[in-house]
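Undergrad: This is the structure I have questions about; it appears just below.
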Amino acid sequence: MRSTLLAATCFCALVPFAHAAPEQAAGQLPRTIIPSAYTIAISANMAKTRLTGHETIAVTAASSTAQVVMNQAGLTLTRASIDGKPATITEDQTAQTATLTPAGGSLAPGKHTISIDYAGPILATPNGIYYDDYKAPDGKMRRMLVTQFEVADARRMFPGWDEPDFKATFQLTATMPASYVPVSNMPIAHVSKTGATQTVAFERSPRMSTYLLALFAGDLGSLHGSGDGIPIGAYAPMGEQDQAQYALSAAEEILPYYDTYFGIKYPLPKLDLIAIPGNYEAGAMENWGAISFIDNAMLFDPKTSTQATKEGIFIDVSHEMAHQWSGDLVTMKWWDDIWLNEGFATWMENKATDHFNPTWHIWERQHADREGAMAVDALSSTHAIHQPIPDIAAANAAFDQISYQKGSAVIRMIEDWLTPDVFRAGMRAYMRQHAYGNTTDADLWAALSAASGKNVAPVAKSFTDQPGIPELHVARACQGRDAVLTLSQSRFVLNDPNAAKLTWQIPVTIGGPGLTTQRLVLGATPATVKFPGCDATVKANLGENGYYRTAYDRASLNALERNFTTLSTIDQTNLLADQFALFEAGTAPLSDYLDLLTRMPRNPGYVEIDDTLTHLVKLDVLLRRSPEQARFRVFARRLLTPEMTRLGWTKKPGEPVLDSLLRPKLIMALGQFRDPETVAIALSKFKDFAKNPQSVPPELRGPIAAIAGQHATPEIYATLANLVKNSPDTEQKLRYFQALAGAHDPALMSKSIDLAISGAIPNGRIIYALAMIAYASEQPATAWNLVVPRLHEIEGHLAPWSKDRVLPILLFSSSNTELSDKMLAMAKASGSHGAVIYAQRAAAAVEARAAERARAIPQLGTWLNGRHA
């Protein structure tokens, strides 16, 4: 699953280093009954939003049992039988179970058949089986049938064993309006029509987990192609299907590439991509053979879409298609290993994207994702990649930057350590051995160890089975004419003085310009490396393939600073990021980072400017309403203006893709820093755009609208609100909502909340909209005061797991510990485990920002005074 929501916070448990085979989590089903084949027939009444169903399930009793316990949620089971004999039904909606008691005594060990009739709702919120009402390109309202089952919502469409290791085959039949175009995991076997309804039977699937079953139906148009002999379809709301061409072309390229990489051909008879118009919280979902996307993650319209959207589509398609092997064919045993799905797919999306689009320099740009993961992994609320998952609330919360981005970074580090060819050989063996089955990460380490001849588990588990980030210390001494560097390690933390002391097995790559690169695995015992020249410029984590911070002693840092421009762009960026992180941790002064920043080359690379923008914006947030903010903004403008002058406002013929991506980011940043020239040009262009949208290219519409929103008059705000209401697709709605969210007037902020829940923004993106109001307005406390009285109303539009995130997301950029205390108290009072997890993550981040703000204001003032700024 690919989440496009703003990742603002992190999980709150420290766990032991080692883990044994997982014990059965609370709420998991007994293992006495094992399903092997479902035959499910549902009838969807789209007018009344109700479904009825009948299913038969082939099961095996592992031992004699008096009861059959399965999952259901919100369903009413009206009749049940086992082997043709009536069974008593007991439902527990709180536990989300149904218990069948067979007439006449216990079930004997062996094979049995369960038959159930049931009914339930087709939901309005984007989880389980639900309806999606949207405005079609012709201006008319349409209704679509959608499913989203991960983590545990298949139980809302049919009773069953809704846990990932209960794999079975599925034969689905669905009755629906005759005008609907149906799509599921497997091809259609046959269709029968009676008047205004049709009954569609799909072929039986291979063995798979319940959360991968899918059904979509509505007024859909489609495009068709193929990859490596497999038919590929791309479905979208009728009238928008041509915008799916880019996603379809990407899938046609990627499928043969994955066939080769994994050494196993795509195992299903077809692959479809389905664009969901707006009301889709998942972002994208790897349903086997029927991948679903929110529309702006799949549809590309050259008239209105940006290069960033185009890139995002390729990346999202790559991610979900990687899951067709890692996640679907081979599935984690329980949600404590969700990172095996998501971390691997995140790593693989980059590998595929880089292969087909080398000019995008995607591996270098993963620096931003790595930094995002480290920002939460250094907090007291972090958790290990492999973490205990006691219940479904904790499973939903595990879809975070630790599972995705840290997981990806650790896989990249292990691949770099083993070499790509050896790593791929291990992956192929892992896939062959566990196809159609379930695994833990121990199975992956065993396969990689066998392929490499190295004991992979101790290195890998030191990063997956314990939380946090190692900090590599580099201390220099001169021996004769050589620099001798002593390498040691500690734990890097942000505002966590009581953090457990941990040790990693760190694959270290160290060297520098003109030096021979050295590699070693650093454990608890310090190690030494030697390079010629006492003043040699030596840098650790060359190429940034390692997941660790580096702290240099003064002599080593001085050498790096003197010769900063001789380093590669990614190594310059890595050094800058580490120095900023050390300031955040309180172990280095802010001046070390700022002095290094002033040594940036005249034409820095994209990743270096992007990292600089991130840190300058972060400092600006820390300095909100402080006496130093205005002077800091002058410095930031002076630093960025030469690069903006180079790029200009107009795209040049044949310019690099990265310049096209950087231009809107620079404009946005200069607008935030209140650069007079940038603001004046943006407001003028927005005025022209309001009269004639074609006067401004798509790449510039977002930044000029955002700057207009920051300076919103009632007239500007009304223009932006109308753009949100009338834009035909999610991409544009979110673009213009993000802009109006920048309005600082509390009355306009209140209107933005009204707009977010009015239907103008799809339910699946309300959380994103609220986050934007709190962040872009630069007033998270005001946003909090406006949202809290309306919390119940807002939650009515959200899927269950999103209700837990409303308040934490408002504090994404806040350093107000009073608000975070209130949030924690409300979360604990709610009785929701998920709410407490998200609140603890957000509170840890708020407390860290408060500490950083207290250091940043005086240190920045001193540094600026020294520059006479």
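Undergrad: Calculate, for ASP482 and SER568, the FRET efficiency according to 1/(1 + (r/R0)^6) with r their C-beta to C-beta distance and R0 30 Å; round to the nearest 0.05.
TA: On the way: r = 24 Å, r/R0 = 0.79.
E(calc), rounded to 0.05, equals 0.80.
Undergrad: What does a probe at ASP688 reach in the range 699-728, counting residues whose amide N is under 17 Å from the point 7 Å along Cα→Cβ?
TA: Counting backbone N atoms under 17 Å from the label point, the list is 699-708.
Undergrad: Over the range 113-244, what percent of the accessible surface lies on carbon and sulfur atoms, probe 1.4 Å? All intermediate terms of the calculation are to be shown ahead of the outcome.
TA: Working: 2080 of 3990 Å².
Heavy-atom surface of the range 113-244 belonging to carbon and sulfur, 1.4 Å probe: 52 percent.
Undergrad: With a point put 7 Å past each Cα toward its Cβ, work out how far ARG638 is from LYS85 in nm, to one decimal.
TA: 8.8 nm
Undergrad: Please report the base-10 log of the normalised intensity I(q)/I(0) for the chain, using a Debye sum with one equal scatterer per alpha carbon and no solvent, at each q in 0.05, 0.08, 0.09 (1/Å).
TA: Log10 of I(q)/I(0), two decimals: -0.28, -0.73, -0.93.
Undergrad: Another one. For the range 467-527, what is the charge dipole size about the Cα centre, in debye to the nearest 20, if Lys and Arg each add +1 at the Cβ and Asp and Glu each add -1 at the Cβ? Don't skip to the answer; put the middle values down first.
TA: On the way: 5 positive and 3 negative charges, 22 e Å.
For the range 467-527, the charge dipole is close to 100 debye.
Undergrad: Additional query: Give me the number: length gained by fully extending SER830 to ASN785, i.e. 0.36 nm times residue separation minus the C-alpha to C-alpha distance, one decimal in nm. Walk me through the numbers on the way to the answer.
TA: On the way: separation 45, 0.36 × 45 = 16.20 nm, distance 1.85 nm.
Fully extending the segment from SER830 to ASN785 adds 14.4 nm.
Undergrad: About the Cα centre of the chain, what is the dipole size in debye to 20, counting +1 per Lys and Arg Cβ and -1 per Asp and Glu Cβ, all else neutral? Spell out each step's value before the answer.
TA: Working: 76 positive and 85 negative charges, 185 e Å.
Charge dipole of the chain: 880 debye, to the nearest 20.
Undergrad: Just from its helices, what would the mean residue ellipticity at 222 nm be for the chain, if runs of 4 or more DSSP H residues each count -39500 (n - 2.57) and the sum is divided by every residue, rounded to the nearest 500 deg cm²/dmol? Mind dumping the intermediate values first?
TA: Details: 27 runs with 355 residues, N = 869.
Rounded to the nearest 500, the figure is -13000 deg cm²/dmol.
Undergrad: Also: Want the number for ALA178 to ALA47: 0.36 nm per residue separation, take away the alpha-carbon distance, what's left?
TA: On the way: separation 131, 0.36 × 131 = 47.16 nm, distance 1.33 nm.
45.8 nm is the gain from fully extending ALA178 to ALA47.
Undergrad: Here is a follow-up. For the chain, with every protein chain kept in place, what is the accessible area per residue (1.4 Å probe, Å²)?
TA: Details: 30030 Å² over 869 residues.
Normalised by residue count, the accessible surface of the chain is 35 Å².
Undergrad: Calculate, for SER106 and ASP391, the FRET efficiency according to 1/(1 + (r/R0)^6) with r their C-beta to C-beta distance and R0 25 Å; round to the nearest 0.05.
TA: Efficiency, from the Cβ-Cβ distance: 0.30.
Undergrad: Related question: Please give, to one decimal in nm, the separation of the simple spin-label points placed at LYS140 and ARG867, each 7 Å out from Cα toward the Cβ.
TA: Each label point lies 7 Å from its Cα, and together they span 6.1 nm.
Undergrad: Let me ask something else. About the Cα centre, and with charges only on the beta carbon of Lys, Arg (+1) and Asp, Glu (-1), how big is the dipole of the range 129-172? Nearest 20 debye, please. Walk me through the intermediate numbers first.
TA: On the way: 7 positive and 8 negative charges, 62 e Å.
Charge dipole of the range 129-172: 300 debye, to the nearest 20.
Undergrad: Let me ask another. Viscosity 1.002 mPa s, temperature 20 °C: what is the translational diffusion coefficient of the range 256-339 from Stokes-Einstein with a Kirkwood Rh over Cα pairs, rounded to a whole number of µm²/s? Kindly include the intermediate steps, with their values, before the conclusion.
TA: Working: Rh = 13.9 Å.
Translational diffusion coefficient: 154 µm²/s.
Undergrad: Count the net charge of all other residues whose Cβ sits under 10 Å from the Cβ of ILE264, scoring Lys and Arg as +1 and Asp and Glu as -1. Don't jump to the answer; show the numbers that get you there.
TA: Numbers: positive: LYS265, ARG428, ARG432; negative: ASP259.
That sum, taken over residues with Cβ under 10 Å, equals +2.
Undergrad: Moving on to the next point. Once Lys and Arg get +1 and Asp and Glu get -1 on their Cβ, which of ALA450, GLN366, TYR118 lies farthest toward the positive end of the dipole of the chain?
TA: GLN366
Undergrad: Under the definition of Cα pairs under 8 Å and six or more residues apart, what whole-number percent is the relative contact order of the chain?
TA: Working: 1782 pairs, mean separation 93.1, N = 869.
Reported relative contact order: 11 percent.
Undergrad: Can you send over the carbon and sulfur percentage of the accessible area for the range 383-533, probe radius 1.4 Å, protein chains only? Don't skip to the end; give the middle numbers.
TA: Working: 2890 of 5670 Å².
Percent of accessible area from carbon and sulfur atoms in the range 383-533: 51.
Undergrad: Under the 0.36 nm per residue contour assumption, what length would be gained going from the current alpha-carbon distance of LEU520 and ARG554 to full extension? All intermediate terms of the calculation are to be shown ahead of the outcome.
TA: Values: separation 34, 0.36 × 34 = 12.24 nm, distance 2.32 nm.
The LEU520-ARG554 span can extend by a further 9.9 nm.
The values are calculated or read from the model by the stated rules, or taken from the named source; none is laboratory data. None of the values given here were measured: they were computed from a predicted structure. Don't worry about glycine lacking a Cβ; one is built from the backbone with ideal geometry, like all the others, and counts go over all protein chains shown. We work out accessible area using only protein heavy atoms, side chains counted, and drop any ligands, DNA or RNA first. Shrake-Rupley method; radii C 1.70, N 1.55, O 1.52, S 1.80 Å.
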